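Here it is: the structure, laid out below.
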Amino acid sequence: MRFDIITVLPGLLEGPFAHSILHRAQQKGLAEIHVHNLREHSEHRQKSVDDYPYGGGSGMVMTIEPFAKCIEALQAERSYDEVIFMSPDGERLDQQIANHFISHKNVIILCGHYKGIDQRIRDTYVTREISIGDYVLGGGEVASLVMIEAITRLIPGVLGNPESLAEESHNQEGYLEYPNFTKPSMWRDLEVPA
Ligand code: ADE
């Protein structure tokens with residue numbers, strides 16, 4: 001599965017993609033993660049990607065053109081199953097949605113910032129809007145990371161022991177994972193149950 005993430009903060013994503021499951025999935029050739037710096041698609045001298053909102057109000061709005069250029073350049077290379085916008089007012093991410101996404105081959109993920117993005121980007125390109133919970137983050141980057149990890153670990157072959165997927169919380173409807181214990185069997189006055 002290929003993820004193309006469009007962001008103004010590519011550095012924020014580098015570390016997490018270079019470690020643990022996300023790193024292993026890429027090493028095994030099971031996931032491809034490409035981070036695109038939105039500013040590189042700005043024609044502005046200062047590489048700005050935002051402007052004042054029409055109608056006033058506080059905060060800046062991310063402009064159409066850099067997103068349009070980056071998305072269209074990617075779409076000219078391959079077809080995409082989905083263009084996802086990470087947004088606190090999107091559909092709430094859960095295990096079922098993560099499972100659904102593993103049937104996809106290529107997805108573009110847009111990370112917003114500031115007050116939001118020009119609505120015309122959403123109307124023209126976005127096919128799905130995803131939230132990771134009812135709280136507002138500084139931008140979509142951390143949310144995209146959460147979503148990509150939730151999806152990637154479900155791709156067959158990514159986890160060493162696929163049985164752990166079947167057992168864990170949220171995969172069995174209505175059940176949460178049982179408590180786990182390891183050695184020592186007795187720690188202070190707490191014993192592992194028989
Ligand atoms: N961007 C800002 N807050 C977010 C959230 N809760 N989920 C997804 N994207 C976001």
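What follows draws every value from the coordinates through simple rules; no lab data is involved. Remember, it's a predicted structure, so these values are computed and weren't measured experimentally. Here the Cβ positions follow ideal geometry from the backbone for every residue, glycine too, while neighbour counts run over all protein chains shown.
Can you work out D for region 1-86 in µm² s⁻¹ from Stokes-Einstein, where Rh is the Kirkwood radius over C-alpha pairs, the temperature is 37 °C and the viscosity is 0.692 mPa s?
223 µm²/s
Along the charge dipole of the chain, Cβ charges K/R +1 and D/E -1, which of SER144, THR182, SER42 sits furthest on the positive end?
So the residue we want is SER42.
Still on this structure, I have one more. Starting from a Cα-only point model with no solvent, please compute log10 I(q)/I(0) by Debye for region 69-133 at q = 0.13 1/Å.
So the normalised log intensities work out to -0.37.
Where does each of 52-58, 144-150, 154-160 land if you order them by average Cβ count within 10 Å, highest first? Don't skip to the end; give the middle numbers.
Working: 52-58: 9.0, 144-150: 21.0, 154-160: 14.1.
Highest to lowest by the protection proxy: 144-150, 154-160, 52-58.
Now for a different question. In straight Cα distance, which aspartates and glutamates are under 15 Å from LYS69, not counting same-chain residues fewer than 8 positions off?
Candidates past the 8-residue exclusion: ASP4, GLU40, GLU43, ASP50, GLU77, ASP118.
Any idea what the alpha-carbon Rg over 2.2 N^0.38 Å comes to for the chain? Walk me through the intermediate numbers first.
Working: Rg = 19.8 Å, N = 194, 2.2 N^0.38 = 16.3 Å.
Compactness ratio reported: 1.21.
Hey, another quick one. Stokes-Einstein diffusion coefficient for region 104-194 at 37 °C in a medium of 0.692 mPa s, Rh from the Kirkwood formula over Cα pairs: what value in µm²/s? Intermediate results must be reported in sequence, preceding the final value.
Working: Rh = 17.2 Å.
Here the translational diffusion coefficient equals 190 µm²/s.
Between ASP123 and LEU159, what length in nm is gained on full extension when 0.36 nm per residue of separation is reduced by their alpha carbon distance?
Full-extension gain reported as 9.3 nm.
For n ≥ 4 DSSP H runs only, could you compute -39500 (n - 2.57) per run for the chain, divide by its residues and tell me the 222 nm figure to the nearest 500?
The helix contribution divided over the chain gives -8500 deg cm²/dmol.
So if each residue of separation counts as 0.36 nm, and I subtract the Cα-Cα distance between ILE102 and GLN27, what length gain in nm does that give?
25.2 nm
Quick one: putting +1 on the C-beta of Lys and Arg, -1 on the C-beta of Asp and Glu, what dipole do you get for region 128-194 around its Cα centre, in Debye to the nearest 20?
Here region 128-194 has a charge dipole of around 180 debye.
How do THR124, THR63, THR182, THR152 rank when sorted from fewest to most other Cβ atoms within 10 Å of their own Cβ?
Ascending number of Cβ neighbours within 10 Å: THR182, THR124, THR63, THR152.
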